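Every number here is computed from the coordinates shown, using simple stated rules; none is lab data. Since this is a predicted model, take the numbers as computed values, not measurements. Positions of Cβ are generated from backbone atoms using ideal geometry, with glycine treated the same way; all protein chains shown enter the neighbour counts.
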Amino acid sequence: MDLIRCGCIMMKRGRRMWSQLFGKYLWLTNTVSSGSLLALGDIIQQRIEYIRGVNTNYNWRRTGRFFLVGLSQGPPHHVFYVWLDKVFPQKTAKVVFKKIMADQLLAAPFFAVTFFLGAGLLEGKTVAGALTEFKDKFPAVYAFDWCIWPPTQTINFYFVPIQYRVLYINFITVIWDVFLSYIKHKDQVTNQCKAD
């Protein structure tokens, strides 16, 4: 009987915590999940590099930089999705299309440039160096962006409640983050392989 009572108490506390995380503390939840999942994407990419034999040492600093960049992108993601739902509150096909276009034409370039700028600066690059890397790698990033995000955002804007949108996007983003980590570091990994 005590086990059942304990289980019920734990479930109530879990529901209360869930409610607070996706209610009162939604901004914090979105921020921490952005950082954590961008770091997870880099961990997965480094594991892929290890399995392929192109990287033999795990780089925790690299993952830490991804975590920090993800933390910096959480608040603007949160604000963007709240703003998008205020500007386009309906779920009609026309409105969802407008949201997707806003996401692709406003958010995607913004988050790409802030990703490369933030990660580059944390690596010790100058602003000019980070922006050069962005210019070199943006075409591949933006092309893949158009493949993954419109279908993802269609589901997001039609079916996902607003308080779970950044979380949903962050989980899909793990795939995206593996790709970003690959694009961000492929030249560094290639240069390391040539040096070995």
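Worth pointing out:
- Shape category assigned to segment 68-114 from the gyration tensor of Cα positions, a/c cut at 1.5: oblate
- As a proxy for reagent exposure, LYS94, LYS99, LYS186 were ordered by neighbouring Cβ count within 10 angstrom, fewest first; the result is LYS94, LYS186, LYS99.
- Cα centroid of segment 28-56 to Cα centroid of segment 81-98, whole Å: 31 Å
- Three-way shape label, segment 25-195, alpha-carbon gyration tensor, a/c 1.5: prolate
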